[in-house]
Amino acid sequence: MFPLRRFLATTAKPLLQDVVIVGGGPAGLSLLAALKNSPTTKHLKCTLVEALKLQPVRDFGEDPPENFHNRIISLTPKSVQFMQEKSGSWDYLHQDRVKFYDNMVAYDSQDSDARIHFDASNVILDLGALSQIAAMCEVVHIQASLLQKIDALNEELPEEDQAVVIDEAKVVNIIAGNACDTIDAKSNPQTSLDWPVVTLSNGQVLQTRLLVGADGQNSPVRNYAEIESRGWSYDRFGVVGTLKLQFNDFRDIAWQRFLTTGPLAILPLPEDNATFVWSSTPELAEILVKVDEKIFPQLLNAAMTLDEVDLNYIYKMLKANPADMTVLEEIEWRTSLIPEEDLDEKFPVPISELMPGSRARFPLKFLHADTYIAPRVALVGDAAHTVHPLAGQGLNMGQTDVGLLVDALETGVDRGLDIGSTLVLEKYVATAWPNNHALMGVCDKLHKIFSTDAFPVVALRGLGLKSLNYFDVVKDIMVKAISGR
Ligand SMILES: Cc1cc2nc3c(=O)[nH]c(=O)nc-3n(C[C@H](O)[C@H](O)[C@H](O)COP(=O)(O)OP(=O)(O)OC[C@H]3O[C@@H](n4cnc5c(N)ncnc54)[C@H](O)[C@@H]3O)c2cc1C
Ligand SMILES: *[C@@H]1O[C@H](CO)[C@@H](O)[C@H](O)[C@H]1NC(C)=O
């Protein structure tokens, strides 16, 4: 995917850096903030490169829009702690846009009495006052808070130690330093270093002691390092969007219903705002993004309450005509058959509105890199792993990676070692990889348990959720996944 290495011949002599981070997503920005926030690593020369414009992200931080952005994730207590203690970005979040919740209800579409309810007491984490299961927060909001923290840290640092953020610049070429044969090593001895050389689309060239790939699923840095990433596509899509509830639900519950097509979650946001994540088959996802915005809230209500036989009938009508208003009557009379007290107690507050234009769909994948390090290279975040959003772990795993990588680099600096050496980086992969692997296994297992209609599994599921043993197993899996343990 990269042009020929001869590309370098036309460019200027590289600027030397200790750390170059590719990617200004939540993982890359967290790493930059955490490195500059640590007394041990703050003197390292760090540059972050992001292909997209970051001004809209900064604008969000200064003056957040009235409506919620549609990419919203659930932060684990561990991530919150990371933001408080390591990246130091927590105080830059607009707290009125962050929603803590302390209850989670998960139930089965085949039998609504088969349900799991757990609260913060199941999530045993020693976080003092923080007794919530998780906090809902927009991804762009997390990025904005990190940029603000980086700016604030820069103000306290001497100019030569300040973090540099280059946006609207794509990394177009990466080569191993000792492959720089186009630059004369005698006239420019720096280029005889074995440090990777990174060329940007704006013509800038950086040579770095450590190159960090925080560059997402298709990571160019991972390709450069020739690290294999294994996995599969789930043949499922995640459809997301933001919502208004009929009224403010003071119960602070995250709801999840396991449909045979995949789980549907309704997650709380401040006041009467909410968001949904609907994992579905490609056919269903196609319908979901097309359904008329006036029908969609009722479709969500139906999907949280009605039998799947009814749902399939409704999907069929909407497939034929996504603006078929008679669907509303179909849903209404079917819902009227559910006892009122069940509607009040067993299900989420009905949704009244879909925020216009807020729906989006993305393919679900499972990908795990064989390792997170190579000589002078480390991977963090989605570059290292992509998971099913079932337990909302994607971004949280990235925060954990960053925390562990910073720990390893701090140890390296303390011992006077070269932070790009495998000796230093090994500690990172040794701690991060096995944990992520276990957590990814849990998310994958949940997906397999709940989204298949192969007969034995369905039968087991229907019977099983009620049996205490199975109930405890699933509960344990979910608590582990959600708390990031
Ligand atoms: C549409 C969508 C919805 C999602 N919804 C959820 C959800 O509901 N819950 C959940 O837990 N997770 C969700 N995820 C996953 C979650 O957003 C990711 O886990 C998280 O964003 C990963 O952060 P990251 O920083 O590792 O990678 P990314 O956010 O992917 O950031 C990588 C960055 O690298 C930049 N980049 C890539 N290549 C180059 C290059 N060559 N040069 C310069 N820059 C480059 C990209 O522009 C990008 O900004 C969703 C993801 C998507 C795409
Ligand atoms: C959430 O909803 C309330 C009331 O409907 C509204 O005033 C508020 O601005 C919303 N919050 C955001 C961040 O959109």
Multiplying the sequence separation of ALA438 and ASP167 by 0.36 nm and subtracting their Cα-Cα distance, what value in nm do you get?
94.1 nm
Counting other Cβ atoms within 10 Å of each Cβ, which GluC sites (Glu not before Pro) in segment 57-91 have at most 11 and sit in a DSSP loop?
GLU66
Under the rule a/c < 1.5 gives rounded, and otherwise a/b versus b/c splits prolate from oblate, where does segment 234-362 land using the Cα gyration tensor?
rounded
Residue-span extension gain [THR326 to ASP151] - 0.36 nm each, minus C-alpha spacing
57.6 nm
Under 5 Å, built H, 5+ apart or other chain: amide partners of PHE100:
MET136
So, in segment 234-362, how many Lys pairs have Cα atoms under 24 Å apart, if the pair is 8 or more places apart or on different chains?
7
Please give, to one decimal in nm, the separation of the simple spin-label points placed at GLU286 and SER336, each 7 Å out from Cα toward the Cβ.
3.4 nm
Residues whose placed amide H lies under 5 Å from that of ARG236, excluding near-sequence neighbours:
LEU364
Given labels modelled 7 Å from the Cα in the Cβ direction, how far is it in nm from ARG230 to ASP91?
4.6 nm
Residue by residue through segment 272-282, what is 3J(HN,Hα) from phi via Karplus (6.51 cos²θ - 1.76 cosθ + 1.60, θ = phi - 60°)? Round to whole Hz and write x for glycine and proline.
9, 8, 7, 9, 10, 10, 10, 7, 8, 5, x
What net charge do the residues around GLU168 carry, taking every other residue with its C-beta under 12 Å from that of GLU168, with Lys and Arg at +1 and Asp and Glu at -1?
0
Estimated dipole of segment 234-362 in Debye, rounded to 20 [Cβ of Lys and Arg +1, of Asp and Glu -1, Cα centre]:
580 debye
Calculate one ³J(HN,Hα) per residue across segment 239-252 by plugging θ = phi - 60° into the Karplus curve 6.51 cos²θ - 1.76 cosθ + 1.60, and present them in order as whole Hz with x for glycine and proline.
10, 10, x, 10, 9, 10, 8, 4, 7, 5, 9, 7, 7, 6
Ordering of 286-292, 52-58 by packing [mean C-beta count within 10 Å, highest first]:
286-292, 52-58
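Just so you know, all these numbers are worked out from the coordinates, no wet-lab data involved. Just so you know, these numbers come straight off a predicted model, no measurement behind them. All Cβ positions, glycine included, derive from the backbone under ideal geometry; neighbour counts span all protein chains shown.
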